[in-house]
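Read the structure below first, then the notes.
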């Protein structure tokens, strides 16, 4: 795969709800954590009790094979890995994947929809989780209010 013109390694991870890029790889692609549009998104959970800081940002371009996704919103996670990008279920929902083992090739066909589950509306479950006391959902919701993303900008609700 290529992100913002930077070649990266990738792996399909059917156990990952969302796709992600390691922080190290994202920085190679030009990401700066203090840049506008980069927001803290709580923590990512891995196998066992492993947790890692997570951010959301939009990359100008994400390329895989002949497909290019512009303004791709992908999570950035601060963890060490042998691969730069994990392609999770958000990506897989919009693609058909064929593993051609005899050819040692992987074929992807775009089926339609948002390849990275780009959030265009606030999901009701996020609000329900925040109201139920889920700290990660509360942080995500506060960030949305502070940025005015998916909801009307409201500094008071973002600080609450």
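The values are calculated or read from the model by the stated rules, or taken from the named source; none is laboratory data. In this text the structure is predicted, and so the values were computed from the model without any measurement. Reconstructed Cβ throughout: ideal geometry from the backbone, glycine too, with neighbour counts over all protein chains shown.
Quick notes
- Scan of the range 71-105 for residues that are in contact with a helix residue (DSSP H, G or I) (Cβ under 6 Å, 6 or more places away or on another chain) and either in contact (Cβ under 8 Å) with a residue 60 or more places away in the chain or within 15 Å of residue 16 (Cα to Cα) (or both), ordered by number: 76, 84
- Residue in the range 106-128 that is within 15 Å of residue 16 (Cβ to Cβ), surrounded by 14 or more Cβ atoms within 10 Å (Cβ to Cβ) and in the same structural domain as residue 59 (by TED's automatic domain parsing) present: no
- Residues in the range 15-61 that are farther than 16 Å from residue 81 by Cα and outside any loop (DSSP other than H, G, I, E, B): 39, 40, 41, 42, 43, 55, 56, 57, 58, 59, 60, 61.
- On the stretch given as the range 106-142, residues that are closer than 16 Å to residue 54 by Cβ and in contact with a helix residue (DSSP H, G or I) (Cβ under 7 Å, 6 or more places away or on another chain) total 9.
- Residue in the range 29-38 that is more than 30 Å from residue 107 (Cα to Cα) and within 12 Å of the chain's Cα centre (by Cα) present: yes
- Of the listed requirements (1) more than 28 Å from residue 145 (Cα to Cα); (2) under 12 Å from the mean Cα position of the chain (by Cα), residue 77 misses just one: (1).
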